[in-house]
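Here's the structure, in structure tokens; my notes come after.
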Amino acid sequence: MRVVLAGARGFGANYLDRLRRLTHLVRLVGICDVLPVEPESLEGLGSPEISGDLPELIKRTGAQIAILATPIPTHADLTLAALEAGAHVLVEKPTAATLADFDRMERAASAAGLACQVGFQSLGSAAVPAVRELIADGAIGRVTGIGVAGSWPRPAAYFTRSAWAGRRVLDGVDVVDGALTNPFAHALATALAVAGAEERGAVASVETELFHANAIESDDTSAIRVTLAGGTPIVAAVTLCAAERDEPYVVVHGERGRIRLTYTMDEVQVNDGPVRRFGRTDLLENLVEHLSSGRELLVPIHRTGAFMQVMEAIRVAPEPLPIADDHQDLSGEGRVLPDIARVVDTCAERLTLFSELGVSWAVPLIVRGAVVADYTTAPDLPLTAAPRPYLHPVRTLGGVVVTEVRPQDHPHHLGAGVAVTDLGGRNFWGGRTYVRDQGPAWLDDHGVQRHVAFTARDASGFTETLLWERPGEEPLVREERTVGAVPLAGGWALDFAFTLRNLTGEPLTVRSSATKGRAGAGYGGFFWRAPADSKGLRVFTASAEGEERVHGSRAPWLALSSEEWTLLFVQDSDPWFVRVAEYPGVGTALAWDTPLEFAEELARRVTVVVADGRLSPEEAAGLAAGRR
């Protein structure tokens, strides 16, 4: 059969190699490209006509098949042009840049009565139907979810290989060149195929977490959760910022085991059994056999409808968020996120998104394009540290870190967040519990603040639901936490509000060590641990200066400053808890010297201005006045 190829460079060179292998079935009669084609690249392929006009090239050569290996945003228009010129089409993945373009392509192919195959090569593997048969036969019982993991390194040059590389939009045209929509598109398409959810309408919802470590517009590290119409979740986590290449895979979780499909190798393994390798059919060869003998197409365009639903969700999702440089290894040719291979594997194993694993860079706060804070939702900590979400590192706009996590002096201090020494008899602060007439003691009383979900989230902040509970016990409170980053002329401000809703049905009591007899130890509430190595520390309010004078005061604002930074705390509900000599830390004291009881809910809000350099009392007062 006569074939023309649109796009002979980049991935198009791969098609030239395949055409050389299939000379017994096809003959290359034309190449459509906007750039000159190197003669040596056509060795063994005769002398195909070269033109920049695809429809005319098809008509002049009588081509029966048009292969489209061109940039993503060109797929729709070139497919329509080829179909109108009378050629069947093999279009490279992804099908199109937008769901609307996909619809145009599908309608045009149907109206023309011509074949349109999409180049998801992994779907040519016999391993895919083999996995579906294993599922149907009950090899692992009822399917509970499907995970996808992929970790590849990419040098910086990868993202500058073309004008559209790493772009979401170019010159007003959708490109959507992201990790999941281009290099790992096969992974997602294979997972949908294994689930038997390939056509449009199979996807009920899509949650996205898109990030970029490289200085690009699109994503290079992504996690998504696709919920199918039947309720089955598919979680795909991939990165182009790994230290080395791991073969990507799809893992099907069942009630009685799992099936792992390493789709690049066509290998299938059930639980810990032997690995079976399957053959693969070339999609061009399949298209030729479809046209000559009626063999069924392996990837007809309509069977990429579900993939395009997911791609559309990624296209319209919020802009990918940057990952700060201090989370990266910048020593090689490409940016590396340390431990990222383990992270994506864990996502596929647990069917969780990055933020649900507690990966700190997965919940950034961004001000003027800079990551000013990272939020960890589920830290991997011993119970004695009272595991809880926290902000760290928090940075000034100049990049100075102003928080500290697990310092040697107090390993249970966790950046900035909420911590209470005693809520209903449970320790949500960490460390030892103060016992009246005895002193600090290690008790088996620690609780956990468990992240449940984000109910709202964007680059500037989030609203989060948490449960405060002792493992194995019923939750004491449900917390609604709202955190936001606001740009200011002299830096930025963190707005932090929380409401604790009593779930016990009885009044709950907040206690501090001070309420149990330890004078001055009224800590418990919002707490900020600053770096222990900060130089030239100074603490002051509008009317007092020094730790002894401001500790326990009810001033409307309080400033802690060093030679490099100033933190300005603003709230008027509780006394201030302050430490400077022993360690640098500031908090609000919910129960300064008297227990605080609440029946239904307890709400508080604090604002922290984060500034470079040392602010004067006058400057602090001016900023505080604007934050009340």
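Length gain on complete extension for the stretch ALA497 to GLU600, per 0.36 nm per residue less the alpha carbon to alpha carbon distance?
Details: separation 103, 0.36 × 103 = 37.08 nm, distance 1.69 nm.
Here the segment from ALA497 to GLU600 would lengthen by 35.4 nm.
Across all directions, the average projected area of the convex hull around the alpha carbons of the range 447-512 is 6.1 nm². The value of relative contact order for the range 461-538, using C-alpha pairs under 8 Å at least six residues apart, is 19 percent.
Hey, what's the range 273-359 come to in accessible area per residue, 1.4 Å probe, Å²?
On the way: 3930 Å² over 87 residues.
Per residue, the range 273-359 has an accessible area of 45 Å².
Computed on the Cα trace of the range 524-626, the radius of gyration divided by the Kirkwood hydrodynamic radius gives Rg/Rh = 0.97.
Could you tell me whether the range 531-578 comes out rounded, prolate or oblate from its Cα gyration tensor? Rule is a ≥ b ≥ c as square roots of the eigenvalues, rounded for a/c under 1.5, then prolate if a/b exceeds b/c, otherwise oblate. Here the range 531-578 falls in the prolate category. In this label model, ASP444 and ARG27 are separated by 8.4 nm, measuring between points 7 Å along each Cα→Cβ vector. Between the amide H of THR144 and those of HIS253, GLY254, GLU255, distances stay under 5 Å, these residues lying 5 or more places away or on another chain, with hydrogens modeled in the peptide plane.
In vacuo Debye scattering of the chain, one point per C-alpha: log10 I(q)/I(0) at q = 0.06, 0.08 Å⁻¹? Once normalised to I(0) and log-transformed, intensities are -0.42, -0.67.
Measuring with a 1.4 Å probe in the full set of protein chains, what accessible area per residue, in whole Å², belongs to the range 377-448? Each step should come with its number before you reach the end.
Working: 2780 Å² over 72 residues.
Heavy-atom SASA per residue in the range 377-448 reads 39 Å².
Given the C-alpha atoms of the range 1-100, compute the convex hull and give its volume per residue in Å³. Walk me through the numbers before you get to the answer.
Working: hull volume 8.7 nm³, N = 100.
Enclosed volume per residue, from the Cα hull, is 87 Å³.
Straight-distance candidates among the aspartates and glutamates for linking to LYS59, with alpha-carbon spacing under 14 Å and chain neighbours fewer than 8 residues away dropped: GLU49, GLU84.
Per residue, the range 1-52 exposes 53 Å² of accessible surface when a 1.4 Å probe is rolled over the protein heavy atoms with every protein chain present.
Using only the alpha carbon atoms of the range 122-162, find the Kirkwood hydrodynamic radius as the inverse mean reciprocal pair distance, in angstroms to one decimal. Provide the component values of the computation, followed by the final result.
Working: mean 1/r = 0.0734 Å⁻¹.
Radius from the Kirkwood sum: 13.6 Å.
3J(HN,Hα) couplings calculated from phi for the range 594-604 with the Karplus curve 6.51 cos²θ - 1.76 cosθ + 1.60 (θ = phi - 60°) are, in sequence order, 9, x, 10, 10, 9, 8, 10, 8, 10, 10, 8 Hz; Gly and Pro show x. For a straight C-alpha distance cut-off of 12 angstrom, the aspartates and glutamates reachable from LYS535 (same-chain residues fewer than eight places away being disregarded) are GLU563, GLU564. Can you give the direction-averaged projected area of the convex hull of the alpha-carbon atoms in the range 296-345, in nm²? Averaged projected hull area, Cα only: 6.3 nm². Compared with the direct C-alpha span, the chain from ASP329 to SER41 gains 99.9 nm at full extension, assuming 0.36 nm per residue. On a C-alpha basis, how far is the centre of the range 21-68 from the centre of the range 208-261 in Å? Whole number, if you could? Comparing the Cα centres of the range 21-68 and the range 208-261, I get a distance of 37 Å.
First measure r as the distance between the Cβ atoms of ASP409 and ALA157, then evaluate 1/(1 + (r/R0)^6) with R0 = 41 Å and state the FRET efficiency to the nearest 0.05. Can you show the working numbers first?
On the way: r = 46 Å, r/R0 = 1.12.
Efficiency, rounded to the nearest 0.05: 0.35.
Our estimate of slack between GLU84 and ALA456, defined as 0.36 nm per intervening residue step minus the Cα-Cα distance, is 129.3 nm. Along the axis of the charge dipole computed for the chain (Cβ charges of +1 for Lys and Arg, -1 for Asp and Glu, origin at the Cα centre), the listed residues VAL486, GLY119, VAL143 are led at the positive end by VAL143. Charge dipole (Cα centre; +1 on Lys/Arg Cβ, -1 on Asp/Glu Cβ; no other charges) of the chain amounts to roughly 480 debye.
Along the range 204-215 the Karplus relation, 6.51 cos²θ - 1.76 cosθ + 1.60 evaluated at θ = phi - 60°, assigns HN-Hα couplings of 8, 7, 9, 9, 10, 9, 10, 9, 9, 8, 7, 7 Hz to successive residues, with x for each Gly and Pro. Any idea how far the Cα center of the range 591-623 sits from the one of the range 431-472, in Å? Going from one Cα centre to the other spans 20 Å.
First measure r as the distance between the Cβ atoms of ARG142 and ASP339, then evaluate 1/(1 + (r/R0)^6) with R0 = 30 Å and state the FRET efficiency to the nearest 0.05. List each step's numbers first, then the result.
Values: r = 33 Å, r/R0 = 1.08.
The value I calculate is 0.40.
Please give the FRET efficiency for ALA532 paired with GLU473, using the beta carbon to beta carbon distance and R0 = 51 Å, rounded to the nearest 0.05.
On the way: r = 34 Å, r/R0 = 0.67.
Here the calculated transfer efficiency is 0.90.
Projecting the Cα positions of PHE184, ALA236, LEU170 onto the charge dipole of the range 165-258 (unit charges on Cβ atoms of Lys, Arg, Asp and Glu, taken about the Cα centre) puts ALA236 furthest along the positive direction.
The Cα atoms of the range 261-336 give a gyration tensor whose axes a ≥ b ≥ c have a/c of 1.5 or more with a/b no greater than b/c, which makes the shape oblate.
Using only side-chain charges placed at the Cβ, +1 for Lys and Arg and -1 for Asp and Glu, the dipole size of the range 1-80 relative to its Cα centre rounds to 340 debye.
With runs of 4+ DSSP H residues as the only contributors, calculate the mean residue ellipticity of the chain at 222 nm using -39,500 (n - 2.57) per run, divided by the residue total and rounded to the nearest 500.
So the calculated ellipticity at 222 nm is -5000 deg cm²/dmol.
Hey, any idea what Rg/Rh is for the range 108-248, computing Rh the Kirkwood way over Cα pairs? That ratio equals 1.00. Return one number: the angle in degrees, 0 to 90 and rounded to the nearest 10, between the long axis of the Cα atoms of helix 305-315 and the longest principal axis of the Cα atoms of the chain. So the inclination is approximately 40 degrees. Please work out the C-alpha center-to-center distance from the range 491-514 to the range 379-425 and express it in whole Å. After rounding, the separation between the Cα centres reads 16 Å.
Tell me the Kirkwood radius of the range 356-512: reciprocal of the mean inverse pair distance over distinct alpha-carbon atoms, in Å.
Numbers: mean 1/r = 0.0609 Å⁻¹.
It works out to 16.4 Å.
For the pair ARG276 and VAL169, label points projected 7 Å from Cα toward Cβ lie 4.8 nm apart. Scaled against the 2.2 N^0.38 Å expected of a compact globular protein of N residues, the Cα radius of gyration of the range 435-547 reads 1.37.
Couplings for the range 396-406, taken from phi via the Karplus curve 6.51 cos²θ - 1.76 cosθ + 1.60 with θ = phi - 60°, read 6, 4, x, x, 7, 7, 10, 10, 9, 10, 6 Hz in order; Gly and Pro are left as x. By definition, a body whose alpha carbon gyration tensor gives a ≥ b ≥ c is oblate when a/c is 1.5 or more and a/b is not larger than b/c, and the range 335-407 fits this oblate description. Here the accessible area of the chain is 48 percent carbon and sulfur, with a 1.4 angstrom probe and all protein chains present.
The values are calculated or read from the model by the stated rules, or taken from the named source; none is laboratory data. These numbers come from a predicted model, not from an experiment. For neighbour counting, all protein chains shown are included, and Cβ atoms are generated from backbone atoms with ideal geometry for every residue, glycine included. Calculation scope for accessible area: heavy atoms of the full protein, side chains included, ligands and nucleic acids excluded. Shrake-Rupley method; radii C 1.70, N 1.55, O 1.52, S 1.80 Å.
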